[in-house]
Amino acid sequence: TSDKVFKDNTPSPQRSRELLARATAFCPLLSGRAVLSDWAGIRPRCHKRDPLVGPLPGFQNVFTATGGYKISFGIAHLVAEALVADMTGKSAEHPLPETFRPEHHFGVNRLDADR
């Protein structure tokens, strides 16, 4: 699940049940399986379509590589290369656009996302 409106990070057991029902309809072998944890409702949808690639602001040594709307599979190798370059302190052979960087997704830029 991903949510356009995100108010808190409390999982929704109801949404997890709905998701499990849809998954079970698709794959009946899931029927009766134990749910280890509820996570539906705790993933805010990105305000921009670009992937988020790089060090996560405010967290030392935490790097992220999220998918981009409709382009993830086509650029996965470039995202991986750029992320490894970030992690090793090197420059990527094929730098990603600035709109993929964490700085573009957070702070002041985030406020302009829905305009």
Residue count for the stretch 60-115, restricted to those that are among the hydrophobic types (A, V, I, L, M, F, W, C), at pLDDT 80 or above and part of a helix (DSSP H, G or I) = 12
Top-ranked residue in the stretch 1-18 [being among the hydroxyl-bearing types (Ser, Thr, Tyr) and at pLDDT 70 or above; ranked as surrounded by the fewest Cβ atoms within 10 Å (Cβ to Cβ)] = 10
Select from the stretch 52-68 the residues that are out of contact with any Phe, Trp or Tyr (no Cβ under 9 Å at 6 or more places or on another chain) and of a type in the set (Val, Ile, Thr) and write down the one among them that is farthest from residue 89 (Cα to Cα).
-> 66
Pick from the stretch 21-37, criterion small (Gly, Ala, Ser) and assigned to a loop (DSSP other than H, G, I, E, B), ranking: nearest to residue 11 (Cα to Cα) | 37
Residue that is modelled with the lowest pLDDT, among those in the stretch 19-46 that are surrounded by fewer than 16 Cβ atoms within 10 Å (Cβ to Cβ) and touching an Asp or Glu at 6+ places or on another chain (Cβ under 8 Å) = 44
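The values are calculated or read from the model by the stated rules, or taken from the named source; none is laboratory data. Bear in mind that the values here come from a model prediction, so they are computed numbers and not experimental data. Cβ coordinates were reconstructed from backbone atoms using ideal geometry, including for glycine residues, and neighbour counts include every protein chain displayed.
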